[in-house]
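Below is one structure, written out as structure tokens; the observations come after it.
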Amino acid sequence: MVVKLHRYRYLKLEIYGNELSLKLLIQTLRKKYSLVFGEIALAKSALHVLQLTSNNFIIRVTHLHRNQIEAVVQLIGDNTYIPVIRRVSGTIKGITKKTEEQNIIMNIFGEEEE
Amino acid sequence: MEIGYMGDIQDRELISQITSFLGIKHIAVEKSISQLKEIENMSNLTLISRHTLKEGYDINNKNFKSKLNQIRFNYQYISVIANSADLLSRLVVDTRVDAFHINENSQIKFFNKKFCNRMEENNKLAEINLEGLYSNQISKNLKQILRIVELFNKSKVNYVISHFPKTEVELRSQKGIRALAEICGVASNKINNIHFLKRIELNNKKLAGVIPFEGVEII
């Protein structure tokens with residue numbers, strides 16, 4: 001059986017507030033990631049960002065660095081925008097798909113706690 | 001939930017927009033209960049009044065009992081920033097104190113294993129301040145917090161975690177705060193706001209007179 005050492009995780013990032021360019025987002029993420037975890041961790045994470053719409057992005061990282069990138073996303077953001085990770089999936093298809101059922105669940109359990 | 005919002009709630013529309021975007025349903029604000037009654041009526045958002053007492057500014061070894069007597073019935077939640085062994089040992093057994101604030105100035109020589117056990121016995125919460133992550137000197141600011149968290153992880157002390165935002169735009173989702181706490185070494189099974197909400201529920205009963213003193217509840 002073939003076991004992949006690095007499996008990718010796709011994180012859906014939503015921005016509230018001012019529009020953010022893809023270039024600026026990548027620069028900010030890379031800068032903050034290297035500040036917190038170092039350049040070697042940044043290289044290993046295989047960080048890649050795609051833009052869906054003006055305020056929706058997809059971040060791709062390896063499964064080993066998923067928690068780290070989730071934390072780093074919270075650290076970015078000046079006083080003009082707020083970043084939120086909405087969903088994490090193993091495929092791009094899974095992240096873009098949004099059924100009505102999932103919408104209802106999100107409305108009921110909006111706040112993820114308890 | 002945001003357990004330590006330090007800003008103002010003047011722009012209600014903006015706050016309700018941001019909180020609904022982030023999925024926040026409870027916000028603890030540094031205001032008294034009477035002040036919050038004027039602000040109330042915000043849709044889908046519960047405001048909790050909290051107060052932080054600082055050693056040296058608000059309380060000291062001599063006046064802490066009288067100060068706590070004065071303010072206990074004005075706030076739902078009281079947290080203390082203390083960095084002297086004497087005051088900490090007195091406050092840990094005081095039922096009017098809900099939590100101990102741990103920031104970059106907290107020292108491991110006071111927040112040691114013995115103190116940790118006493119916190120556990122008296123059901124005190126450890127309030128961890130992650131504000132240091134937002135500065136450029138992360139290692140300097142987090143050094144003490146990381147050491148204390150490492151010690152606390154071995155015990156059954158419950159945490160409440162926040163980065164204490166000062167404006168509406170600094171607010172973050174619960175999941176985000178949890179991710180920040182996890183990189184600081186906080187055990188994921190201990191990051192749960194249910195302890196905070198239980199504490200608030202208990203304090204509300206005390207304020208309403210349902211629990212006149214510890215261990216007695218009027219039904």
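Once both labels are modelled 7 Å past Cα along the beta-carbon direction, what's the B:LYS205-A:GLN51 spacing in nm?
If labels sit at B:LYS205 and A:GLN51, their model points lie 5.4 nm apart.
Any idea how far apart B:HIS195 and B:LYS65 come out in nm if each label point goes 7 Å out from Cα toward Cβ?
2.9 nm
For B:LEU125, list long-range residues whose amide hydrogen, built 1.01 Å from N in the peptide plane, is under 5 Å from its own amide hydrogen.
B:ALA99, B:PHE100
Which one, B:MET1, B:LEU14, B:LEU36, projects farthest toward the positive side of the charge dipole computed for the stretch B:1-42 from Cβ point charges (K/R +1, D/E -1)?
Positive-most Cα among the choices belongs to B:MET1.
Starting from the eigenvalues of the Cα gyration tensor, five times each then square-rooted, give me the equivalent ellipsoid semi-axes of the stretch A:8-108, largest first, whole Å.
Taking √(5λ) for each Cα gyration eigenvalue gives 22, 17, 12 Å.
Evaluate the distance, in nm, between pseudo-label points positioned 7 Å from the Cα of A:LYS4 and of B:LYS166 along their respective Cα→Cβ axes.
4.4 nm
For chain B, modelled as a Gaussian network with Cα springs under 10 Å, which listed residue fluctuates most, B:PHE164, B:PHE21, B:PHE152?
B:PHE21
Tell me, what is the per residue accessible area of chain B in Å², probe radius 1.4 Å?
48 Å²
Can you order the peptides B:4-16, A:56-68 by their average number of other Cβ atoms within 10 Å per residue, highest first?
Per-residue mean Cβ counts within 10 Å order the peptides as A:56-68, B:4-16.
Can you send over the solvent-accessible area of A:LEU24, 1.4 Å probe, protein chains only, in Å² to the nearest 10?
About 80 Å², rounded to the nearest 10.
State in Å² the accessible area per residue of the stretch A:8-108; use a 1.4 Å probe, count heavy atoms of protein chains only, and round to the nearest integer.
Accessible area per residue: 53 Å².
Just to verify a number: FRET efficiency for B:ALA187 and A:TYR81, C-beta to C-beta distance, R0 = 35 Å, to 0.05?
0.65
Round to the nearest 0.05 the FRET efficiency obtained for B:LYS156 and B:GLU214 when R0 = 22 Å and r is the Cβ-Cβ distance.
Once the sixth-power term is evaluated, E becomes 0.65.
Provide the per-residue ³J(HN,Hα) series for the stretch B:161-174, in order, calculated from phi with Karplus coefficients 6.51, -1.76, 1.60 and θ = phi - 60°, each as a whole number of Hz, with x at glycine and proline positions.
Karplus values, whole Hz, x for Gly and Pro: 10, 7, 9, 6, x, 9, 10, 5, 6, 7, 5, 10, 6, 4.
Provide Rg and Dmax in Å for the protein assembly as shown, with only Cα atoms included in the calculation.
21.2, 70
With +1 assigned to the C-beta of every Lys and Arg and -1 to the C-beta of every Asp and Glu, and no other charges, what is the dipole magnitude of the protein assembly as shown about the Cα centre in debye, to the nearest 20?
1180 debye
Per the Cauchy relation, a quarter of the hull surface: what is the mean projected area of the convex hull of the alpha carbons in the stretch B:89-136, in nm²?
If you wrap the Cα atoms of the stretch B:89-136 in a convex hull and average its projections, you get 3.7 nm².
Could you derive backbone 3J(HN,Hα) for the stretch B:208-219 from the dihedral phi with the Karplus parameters 6.51, -1.76 and 1.60 (θ = phi - 60°), listing whole Hz in sequence and x where the residue is Gly or Pro?
Each residue of the stretch B:208-219 in turn: 7, x, 5, 10, x, 8, 3, x, 10, 10, 8, 9 Hz.
Under 5 Å between amide H atoms, partner at least 5 residues away or on a different chain: which partners does B:ILE3 have, H built in plane at 1.01 Å?
The list, which skips near neighbours in sequence, is B:ALA28.
Would you calculate a helix-derived [θ] at 222 nm for the protein assembly as shown, using -39,500 (n - 2.57) for each DSSP H run of n ≥ 4 and dividing by the full residue count, to the nearest 500?
The helix-only estimate for the protein assembly as shown comes to -11500 deg cm²/dmol at 222 nm.
On a C-alpha basis, how far is the centre of the stretch B:74-132 from the centre of the stretch B:171-219 in Å? Whole number, if you could?
One Cα centre to the other: 15 Å.
If you restrict to DSSP beta bridges whose two residues both lie in the protein assembly as shown, what percentage is antiparallel, to the nearest 5?
45 percent
If you count, for every residue in A:76-85, the Cβ atoms of partner chains within 10 Å of its Cβ, what is the mean?
4
Go ahead and set up a Gaussian network model of chain B, Cα springs under 10 Å, then flag whichever of B:ILE194, B:ILE24, B:ILE108 fluctuates most.
B:ILE194
Take chain B, connect every pair of alpha-carbon atoms lying under 10 Å apart with a spring to form a Gaussian network, then pick out the residue of B:SER106, B:SER34, B:SER162 with the largest mean-square fluctuation.
Among B:SER106, B:SER34, B:SER162, the largest GNM mean-square fluctuation belongs to B:SER34.
The values are calculated or read from the model by the stated rules, or taken from the named source; none is laboratory data. Just so we're clear, the structure is a prediction, and the values are computed from it rather than from any experiment. Neighbour counts run over all protein chains shown; Cβ positions are idealised from the backbone, glycine included. Keep in mind that these areas ignore ligands, DNA and RNA; they rest on the heavy atoms of the full protein, side chains included. Shrake-Rupley method; radii C 1.70, N 1.55, O 1.52, S 1.80 Å.
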